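The values are calculated or read from the model by the stated rules, or taken from the named source; none is laboratory data. From a predicted model like this one, the values you see are computed outputs, not experimental measurements. Glycine gets a Cβ as well: all are built from the backbone with ideal geometry, and neighbour counts include every protein chain shown.
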Amino acid sequence: MKFNYFPETLLALVAFSVLIWRKNRLINQIQKPLRKKMILQKNLQPETDLSQNYEIFQLILEATNEGIWDWDIKNNTLFWSDKLLILLGLMPGSCHPTLDLFYQLIHEEDQIRVNQAIQQHLEFNQPYKCEMRLKKADGSYGWFLSQGKAVRDANGHAIRMVGSMVDISDRKEIEERLRQSEQKFRSVFDNVPVGMALVNADGYTMLANEADCQFLGYTQEELIGMHFTEFTHPEDLAIDRELHKSLLAGEINSYVIDKRYIRKDKAVVWGRLSVSLIKNKDGSLLYTVIVCEDITVRKQAEEALRQSEAKLAAAQRVARIGNWELDIITRKIVGSSELFRIFGFFCDRKEYDYQEVLQVCFPEDRERLLQAISRAISEGKSFEIDFKAVRKDGAVIYNQARGEAVFNSQGRVVKLFGTVQDITQRKQLEVLLQSQAQREEALNRVIQIIRNSLDLPTIFDSAVTDIGELLEVEQVAIVQYLPEPEVWLTVAEYRQNNQRNSLMGQKIPDRDNPISSQLKKLKIVQLNDTSLCQDEINQNLSQIFPGAWLLIPLHFNSVTWGSLSLLKPQQYSWQESEIEIAREIADQLAMAIYQSELYHQVQTANEELKKLATIDGLTQIANRRRFDEYLNNEWLRLRREKAPLSLILFDIDFFKLYNDTYGHLAGDDCLRQVAIVISDIFRRPADLFARYGGEEFAVILPYTDLSGATYLAELIRQTIHNLKIPHSQSLVSNHLTVSLGVTCVIPDAQLSPQELINAADRALYSAKQQGRDRVAFSENNHANFCEN
């Protein structure tokens, strides 16, 4: 191929390439001998051959990774260097570039912008530097940076334009990945249900998410710039400072502590703080990442549990009960101080040999105790036995021993655990003490059930039964207060006698009810004789449920949830011990209700997050992530069943022109309308309609052959026509239209889901090439692809 360039133009191109498209060191190394050669040739041959100058120019171009172009504006001819042809996937000399070819290669979304950039340079001499997508020989698009400068005549008119082209696809891909990475981080940061913040090395807040702001009670504007010491509880500040100092010094990589915070409203809350460092590549500190989980409720529950256990321990000391544990392998007994004090052993020892302990038993009781222990080991049964013993000081005492088996993961008994109670003093209190022990056992069982479950119906049913049997009352009810209808409704009930009237279904009015007013003030209501009620509501209730009532408010965070109601059928004076047990159980029930509601709130939030992760935010249909996941699952399933799988890809014709004409808000509304009407077409549970990206949609059709998929694709096209959404800039219609690509395959091991997508994409491309607003099918050579 020959190019008719004047020597002066060629030298101008060389100079331009040296200034603009350089690899300085390499070009200088090449230019130095070339200049000498050119000077020598000029001295020897005044008429330098044009082809020799062109070869020199080509050497310089090959030394760079940039392609050179030259547009002779006057003659409308275009020159592309070999390097530029190679960048476009073409063989040098394989084509004659023209301006029309150049514009054909430009991606349709970039054509207007590129043309405007060239015209701005030619007319107003604005710098020409433009990024664009060009179609390569293999049909793919690559990103290129084009730069150039016009050569003007003496009158300032552009007579030609020269420049370079460099492939920037890798850079664009990196930029896109970085954008997606930042978007994912921001999405997680903003939506995670725990507090997150970025804090600089000095301890000042740089960024905080909504959960952190809600936890501390500050707005984001208020929180940014605050030092962590400003909202840390003074008693927890020292340890936090010390750990933060160690973190910055590199002594630790992260730390986790439970600490107290002081909210803006001065309330004290608990948080589990996790702190870690984020560093630059050179090891310098960027910032620290703070994750704070609100554990206030858990801390309150732990404190309530601690108090409950402390009460139980105190009760055991008063009742003279010792705990013990027997390891059946070592035959060693580990016991509490109270246990060994009962037997008169040294209280500083916590472990004794099994036989040594048994020696204190009376001979006639020792055999019974051994038999009970043997049955517990061999059969896993618990035991309870009274026995006499002789203390080390010679005193005779009466004891009651209880024991239970502890099993390993294989179901074998490895230990016995139990208690020994001194029942010597005041034998006349034996029945009372036994009853108290049974009550404590039942109370512990109720509390354990409450603590071990989040299912309120299970908790309620078990609690009312155990309370009824524990306190020997005729009727127990858990009643919920419903503020909106202003009634109290029974949700669980125990009746000792099924012939008694049931509270279930009873709606007790709240208004003008003095008892409910007392409960809402968190006061315990104790009525020894309900016939003395003065108000109409409770007088009517007393006729149905006569006797003595004990009502304990169920509440958390000072808000009344309901009541625990106990009934005895006759006049009765409630004992303090009964009131205390009922109150303690009510506290545990309130805690369980609160924890259950929190659990269900978390479950609901998790379900919502899961839904958001698979639903497109604009159209409310399945998103690309859900599409990929579902296609892979259906592919594997239908491959096993050797059943057809069809895929429809379609997008809105000339949607960019629609957005440019009507605006992006109208474009979003258009996408939503399309999603709504097409969703109505696909009612089979196995079909999935998804937004594939931008204005492109996809439909996965399991167990559907090509003819069925084609019918549905045509139905989609016609449905969009029926919408009659105006599109004045469309090149095929005055209304909105779509182009659709359809393919069908019976999945097998030699194919992949991506090949199905590629086939549908080719069909979609074919529909566009044929004029848009139509359905096209893929042409495939593989035997498993279905034919129409």
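Please find, within region 77-98, the residue that is surrounded by the fewest Cβ atoms within 10 Å (Cβ to Cβ) out of those that are at pLDDT 90 or above and over 21 Å from Ile168 (Cβ atoms).
So the residue we want is Met91.
Determine which single condition Pro546 fails, assuming it passes every other condition in (1) farther than 17 Å from Ile524 by Cα; (2) within 45 Å of the chain's Cα centre (by Cα); (3) not in a helix (DSSP H, G or I).
Every listed condition holds for Pro546 apart from (2).
Do we find that Ala389 is assigned to a strand (DSSP E or B), touching a residue at least 12 places away in the same chain (Cβ under 8 Å) and farther than 15 Å from Glu325 by Cα in this structure?
yes
Would it be correct to say that Asp265 is under 19 Å from Val297 (Cβ atoms), of a type in the set (D, E, K, R) and not in a helix (DSSP H, G or I)?
Taking the combined requirement at face value, the residue satisfies it.
Mind checking which strands (runs of 3 or more DSSP E) fall wholly inside region 126-233 and carry at least 3 residues that are touching a strand residue (DSSP E or B) at 6+ places or on another chain (Cβ under 8 Å) and either among the aromatic types (Phe, Trp, Tyr) or within 30 Å of Ala605 (Cα to Cα) (or both)?
So the answer is 141-152, 195-199, 205-208.
Would you say Leu638 is of a type outside the set (S, T, N, Q), outside the structural domain of Tyr703 (by TED's automatic domain parsing) and assigned to a helix (DSSP H, G or I)?
Answer is no for this residue.
Say whether the condition of being of a type outside the set (Lys, Arg) and under 12 Å from Leu649 (Cα atoms) is met by at least one residue in region 726-734.
No, every residue in region 726-734 fails to be of a type outside the set (Lys, Arg) and under 12 Å from Leu649 (Cα atoms).
Ser739 - would you say it is among the polar types (S, T, N, Q) and buried (at least 19 other Cβ atoms within 10 Å of the Cβ)?
When the stated conditions are applied, Ser739 passes them.
State whether the residues of region 563-578 include one that is within 28 Å of Lys311 (Cβ to Cβ), of a type in the set (Gly, Ala, Ser) and surrounded by fewer than 20 Cβ atoms within 10 Å (Cβ to Cβ).
Yes, there is a match, as at least one residue in region 563-578 is within 28 Å of Lys311 (Cβ to Cβ), of a type in the set (Gly, Ala, Ser) and surrounded by fewer than 20 Cβ atoms within 10 Å (Cβ to Cβ).
Name the pairs whose Cβ atoms lie under 6 Å apart, with the first residue in region 697-723 and assigned by TED's automatic domain parsing to the domain that holds Leu740, the second among the small types (Gly, Ala, Ser), and 6 or more positions between them or separate chains?
Note: pairs meeting the criteria are Ala698/Ala690; Leu701/Ser646; Leu701/Ala709; Pro702/Ala686; Tyr703/Ala643; Thr704/Ser646; Ala709/Ser646.
Residue-by-condition table, conditions (1) more than 30 Å from Glu755 (Cβ to Cβ); (2) touching a residue at least 60 places away in the same chain (Cβ under 8 Å); (3) not in a loop (DSSP other than H, G, I, E, B):
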| residue | (1), (2), (3) |
| --- | --- |
| Leu566 | yes, yes, yes |
| Met591 | yes, yes, yes |
| Thr619 | no, yes, no |
| Phe627 | no, yes, yes |
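Could you give me the residue pairs with C-beta distances under 6 Å whose first residue belongs to region 268-296 and is polar (S, T, N, Q), whose second residue is crowded, with 16+ Cβ neighbours inside 10 Å wherever it lies, and which are 6+ apart or on separate chains?
Ser274/Val291; Ser276/Val289; Thr288/Val199; Thr288/Val275; Thr288/Leu277; Thr296/Val269; Thr296/Trp270
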